[in-house]
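Heads up, the thing below is written out as structure tokens.
Derivation of every value follows stated rules applied to the coordinates shown; laboratory data play no part. It should be emphasised that the depicted structure is a prediction, and the values quoted were computed from it without experimental measurement. Cβ coordinates were reconstructed from backbone atoms using ideal geometry, including for glycine residues, and neighbour counts include every protein chain displayed.
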Amino acid sequence: TINPSISSLFRHKTHAGNHLRRINSGLWKLKAVVMGEAVASGDDQLIFPNHDFAQQAHVPNFQTYLEMYKRSIGDPAGFWSEMASEFYWKKKWGQQVFSENLDITKGDVNIQWFKGGITNICYNCLDRNIELGNGDKIAIHWEGNEPGVDDSLTYNQLLERVSQLANYLKENGVKKGDSVIIYLPMLMELPISMLACARIGAVHSVVFAGFSAESLEQRILDCKPKIVITCNAIKRGTKVINLKDIVDSALSESSQNGVNVGLCLTYANESAMKREVTKWQEERDVWWQDVVPKHSTKCDVEWVDGEDPLFLLYTSGSTGKPKGVLHTTGGYMIYTAATFKYAFDYKPSDIYWCTADCGWITGHSYVAYGPLLNGATVLVYEGVPNYPNPGRCWDIVDKYKVTIFYTAPTLVRSLMRDGNEYVTRYSRKSLRVLGSVGEPINPSAWRWFYNVVGDSRCPISDTWWQTETGGFMITPLPGAWPQKPGSATFPFFGVQPVIVDEKGKELEGECSGYLCVKASWPGAFRTLFGDHERYETTYFSAFPGYYFSGDGCSRDKDGYYWLTGRVDDVINVSGHRIGTAEVESALVLHPKCAEAAVVGIDHEVKGQCIYAFVTPVEGVEYSDDLKKSLVLSVRTNIGAFAAPEKIHWAPGLPKTRSGKIMRRILRKIASRQLDELGDISTLADPNVVDQLIALADS
Ligand code: WT7
């Protein structure tokens, strides 16, 4: 249950005098706090929702939340059945709404929700909303890379486009359960492709279009898709990227390694590059525009079980091989729909923009499924946030009258650096809710987002969740309670976060430790594709009985949760999750690299950045050219977003006598906290530390 110390909030006093009030029966009087005036420091600062906002919110106060939350924990089956009843089920789920075993000591880990229920998520996103009378409502506004280039689709039109592609896929032998890799940028064709797969029961696996040929090949080899959907080229800012070349190389490599994909459906993105200049393999490649529009705009739905797979999404872990996170249909559908509605206080009149790419989980749950299930109008933006200048986001907000704007702290920090004038020259009056995701948002970025972007008017939903959780886990419900800059605040309905110590002991009250979750929730992932054992060991064995998130967390005296970052070997660069082991393998692939060790250090804009210690092979000289080609090795093996910020030459690495690299020491050297190196006497060769320090600036 929720931390009882929340009651201390009611007694809370700050210097912000007239803005903070307690009222009867321990409920808050909701009064706006003008930011500058709230002078209490650190986590003591409460930002109260404004009265008018709270009054119209789905969850208007803390008591309503508590009642709903208690019910969601006390009667999960009843609570989630009710949520699920808002959607179309061809057949209702069985007697048991869910079944679970999270305790590895009691047998295989197993989570099921709505098993036996027959439904389809594409039907619920499109057909159902059309039946409700929203056929002519805009489903997607698309804004191109170049200002002035745009497009839109109503729910009716989106269904037609999705159906045409679904028919094409069926005609080409894609059946229920088959996987399809989608390697596309933020064109409308990306969500269209996802929905078309879902319509026919195929399992989509979207690969972020910033991944390299090697990464794409790795994913092709793992999930053996029937078809790859891509486009010829993309334009991001002023840069043109030839996507098809990357796909060609991935497809030819993977066919040499035993997986031959016979069909590559290629959307001709002529705004970036003319078709004629695209390299082509007649027997394998097909232009989307030549075949898809010829198909019928009606396509029957493939009805699937609530537990049938919906998609695979690869993510990084502590070891080299990416993990195929598998989500199933029913629970994911209900969970993304409910979290979207409550955490953004979504209303049918909203215009919603999430800046994430559909290549990441945020784009799956909160560009595509969550909003469309709610019948929302979604903005899809092709380009980069600072092109042609750092005012672009607010230009787009004004152009479409965006009401809910969901982004990442790294973007907030980068726009903050560009100066307020880029923001204030736009109206932004339409905005009413802001959102943040991907990493902890530092309080100063939070304040800037709140004060400057939101004119101290819009609550910020700082949503903590993960690829694995499918949807929001800890998040403010705007209007329901006061916020603290930098805290994700309280758990969503049905979520029981626990903070444990190293021994797995649940900590009470004010504490810090490892963030786990007790009991399942509908949006939880069900397995790692093809490797259930890795699923169990990675997430359920560290602290038996719990799902372990990999994040550190503390809870303050008021019960607010504060995420503190990863505690495993995962680095979070601009909200992108990168495994240290992955980067190390990419470096070691370089013929002149003998050994590499990678750590994450703080970065002003990116949150964290990648810092690599490299030992060249015997006889190779340190040089800037070698540094460049080492970085290139990471770019080509993973993708540009994983490129190390710094290469630090290492004659040797600090290792224990048993050969384990002591990353703690490397992190201190990398962040130049040389007086905090700690005990180095357990090193096999303590001299390496001095050598590394001496080479710090070379
Ligand atoms: C990791 C998950 C969930 C969508 C984007 C990233 C970090 C995410 C927050 C937040 C603090 C956050 C965590 C988490 N993270 N959101 N609001 N506050 N940390 O998904 O790639 O699966 O990464 O991102 O460390 O474990 P992902």
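Observations, loosely collected:
- Of interest is the spacing of the C-alpha centroids, which for segment 177-210 and segment 290-308 amounts to 13 Å.
- Segment 518-619 pair-distance distribution - Cα-Cα, 5 Å bins, rounded %: 2, 10, 14, 16, 17, 16, 12, 6, 3, 2, 1, 0
- P(r) tail fraction, segment 555-676 - alpha-carbon pairs more than 19 Å apart, %: 49 percent
- Among D462, D395, D308, a tally of other beta-carbon atoms within 10 Å of each Cβ gives an order, fewest to most, of D395, D308, D462.
- Rounded, prolate or oblate (a/c below 1.5 giving rounded, otherwise prolate when a/b exceeds b/c) for segment 181-296 by Cα gyration tensor: rounded
- Members of K224/K323; K244/K646; K115/K170; K137/K429; K170/K321; K606/K646 lying beyond 20 Å, as alpha-carbon distances in this model show: K244/K646; K115/K170; K137/K429; K170/K321
- Taken as Cα centroids, segment 363-382 and segment 47-102 sit 21 Å apart, rounded to the nearest whole angstrom.
- DSSP beta bridges in the chain [antiparallel fraction, %, rounded to 5]: 65 percent
- The shape of segment 470-580 can be summarised by an equivalent ellipsoid whose semi-axes, obtained from the alpha carbon gyration tensor, come to 23, 16, 15 Å from longest to shortest.
- The equivalent ellipsoid that matches the C-alpha gyration tensor of the chain spans semi-axes of 35, 35, 26 angstrom, in descending order.
- Anisotropy class of segment 106-227 from Cα gyration tensor, a/c 1.5 cut: oblate
- A protection proxy built from the mean count of other Cβ atoms within 10 Å ranks the segments 157-163, 359-365, most packed first, as 359-365, 157-163.
- Gyration tensor verdict on segment 38-166 (Cα atoms; rounded if a/c is under 1.5, prolate if a/b is larger than b/c, oblate otherwise): oblate
- Anchor K484: lysines whose Cα lies under 17 Å away (excluding residues fewer than 8 positions away in-chain): K13, K29, K31, K557
- Protection proxy ranking, peptides 122-128, 137-143, average beta carbon neighbours within 10 Å, highest first: 122-128, 137-143
- When the convex hull of its Cα atoms is viewed from all sides, segment 343-412 shows a mean projected area of 4.7 nm².
- Of interest is the spacing of the C-alpha centroids, which for segment 405-427 and segment 652-698 amounts to 38 Å.
- Zone residues, segment 383-416, relative to V605, backbone N less than 19 Å from point 7 Å out along Cα-to-Cβ: 383-395, 407-416
- Cα-based equivalent ellipsoid, segment 235-366: semi-axes from gyration tensor eigenvalues, Å: 31, 22, 19
- Of the residues H576, H327, the one with the fewest other Cβ atoms within 10 Å heads the list, and the complete ranking is H576, H327.
- Charge dipole of segment 450-583 (Cα centre as origin; +1 on each Lys and Arg Cβ, -1 on each Asp and Glu Cβ, all else neutral): 300 debye, rounded to the nearest 20.
- Here segment 414-573 carries DSSP beta bridges of which approximately 90% are antiparallel, counting only pairs with both residues inside.
- Averaged over residues, the count of other Cβ atoms within 10 Å places the peptides 255-263, 533-541 in the sequence 533-541, 255-263, highest first.
- Theoretical ellipticity at 222 nm over the chain - DSSP helices of four or more residues, -39500 (n - 2.57) apiece, nearest 500: -7500 deg cm²/dmol
- Here the dipole of segment 596-698 is about 440 debye; that uses its Cα centre as origin and unit charges on the Cβ of Lys and Arg (positive) and Asp and Glu (negative).
- Surrounding net charge for N572, when Lys and Arg each add one and Asp and Glu each subtract one, Cβ distance under 13 Å: -2
- Calculated SAXS-style log₁₀ I(q)/I(0) at q = 0.18 Å⁻¹ - segment 77-147, Debye, Cα scatterers: -0.82
- With neighbours defined as other Cβ atoms within 10 Å of a residue's Cβ, the residues F311, F493 order from fewest to most as F493, F311.
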